[in-house]
Structures are given as structure tokens and as C-alpha cells.
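Colleague: Take a look at the following structure, please.
The values are calculated or read from the model by the stated rules, or taken from the named source; none is laboratory data. All figures in this text were calculated on a predicted structure; none of them were measured in a lab. Using ideal geometry, Cβ is built from the backbone for each residue, glycine included, and neighbour counts are taken over all protein chains shown.
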Amino acid sequence: MSDMRLADEVTMRAVCSYLHETFPEKRVVPRVTRGVQEFRIDDIYGMPLHTLALSSAFFDAHAAATIPAVLRQFETAEALRRAGRAVVEVSDSGLTVRQPGVGRPEPAPKRA
């Protein structure tokens, strides 16, 4: 596990606070993987349940105080519950789900 951070402590606390609020009694483990800030949500025994991934571009686009509202707007907690062990990635355009250990998904083609 890495101690590297893509966001400052205030921003990290904003994300962790949202996750603790929506997943009470679960442990939130922040880490950086492939240049993406991930927040793994574990059960009380340390077994991974869900993973949320946020890019540095997401952190650059949102002030710490607005991040919980953005995550609520995207219904991130519901997406994490539906995704199970898959990784839920959040960007300004919404949510993407990918299987753990798989590279970043290609963006969906734009329709004319």
C-alpha cells in the first residue's frame, strides 16, 4: 500500500467522510494505484467490499467542500453497492465500472 496522495488532507477527509457516512461501520483505506486515488471499503474483518477511484483531474475540478455533494449527485454509494468488488471510477462526466485488476476502460464513443 502506498502513502502517496493525489489530493491534500482536507480533500482526502472529504471523500473519506462521505464514504464513512454512506458505509457506516466499514473501514476506508485510501491508496494510489496507477496514478489514481483509490478508496477501498473493507468490512469489519478487513475483506474488501468496494473500491472507489478518483483521478487527479477530478480533484482539480472540485473543491474539497463540494466533493461529497458531487458524489451524492452521481449516486456513487448506490453504484458501489451494485458494482460489488468492481471498481467504480468517478469523473466529471459520471461513473464508470471496471473489474479489479483491469486497465482503465475506454470512454464510450460519442453519438452524433
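Colleague: Out of Arg34, Arg85, which single residue is out of contact with any Gly (no Cβ under 6 Å at 6 or more places or on another chain), modelled with pLDDT under 95, farther than 20 Å from Thr11 by Cα and surrounded by fewer than 19 Cβ atoms within 10 Å (Cβ to Cβ)? Full working, then the answer.
Modeller: Values: Arg34 fails: farther than 20 Å from Thr11 by Cα.
Only one candidate qualifies: Arg85.
Colleague: For Tyr45, are the conditions met, namely being touching a Leu at 6+ places or on another chain (Cβ under 8 Å) and more than 18 Å from Val97 (Cβ to Cβ)?
Modeller: On the way: touching a Leu at 6+ places or on another chain (Cβ under 8 Å): no; more than 18 Å from Val97 (Cβ to Cβ): yes.
For Tyr45, the condition - touching a Leu at 6+ places or on another chain (Cβ under 8 Å) and more than 18 Å from Val97 (Cβ to Cβ) - is not met.
Colleague: Scan the stretch 74-81 and tell me whether some residue there is modelled with pLDDT under 95 and among the small types (Gly, Ala, Ser).
Modeller: No - not one qualifying residue is present in the stretch 74-81.
Colleague: Which condition does Ala57 not pass, out of (1) over 19 Å from Leu95 (Cα atoms); (2) modelled with pLDDT under 90; (3) among the small types (Gly, Ala, Ser), if it passes all the others?
Modeller: With respect to (1) over 19 Å from Leu95 (Cα atoms); (2) modelled with pLDDT under 90; (3) among the small types (Gly, Ala, Ser), Ala57 is out only on (1).
Colleague: If you don't mind, there's one more thing I want to ask. Assuming Ala53 fulfils every condition listed in (1) surrounded by 15 or more Cβ atoms within 10 Å (Cβ to Cβ); (2) in contact with a helix residue (DSSP H, G or I) (Cβ under 9 Å, 6 or more places away or on another chain); (3) within 13 Å of Cys16 (Cα to Cα) apart from one, which condition is it?
Modeller: All conditions pass for Ala53, except number (2).
Colleague: So which helices (runs of 4 or more DSSP H) stay within the stretch 16-104 end to end and still have 2 or more residues that are touching a Phe, Trp or Tyr at 6+ places or on another chain (Cβ under 6 Å) and free of Cβ contacts under 8 Å to residues at least 12 places away in the same chain? Walk me through it before giving the result.
Modeller: Numbers: elements: 56-61, 67-73, 76-83.
Those helices (runs of 4 or more DSSP H) do not exist here; none qualify.
Colleague: Could I ask something else about it? Could you list, in sequence order, all residues of the stretch 73-82 that are of a type outside the set (A, V, I, L, M, F, W, C) and crowded, with 19+ Cβ neighbours inside 10 Å? Let's see the steps before the verdict.
Modeller: Initial filter on the stretch 73-82 (of a type outside the set (A, V, I, L, M, F, W, C)): 73, 75-76, 78, 81-82.
Listed by number, the list holds a single entry, Thr76.
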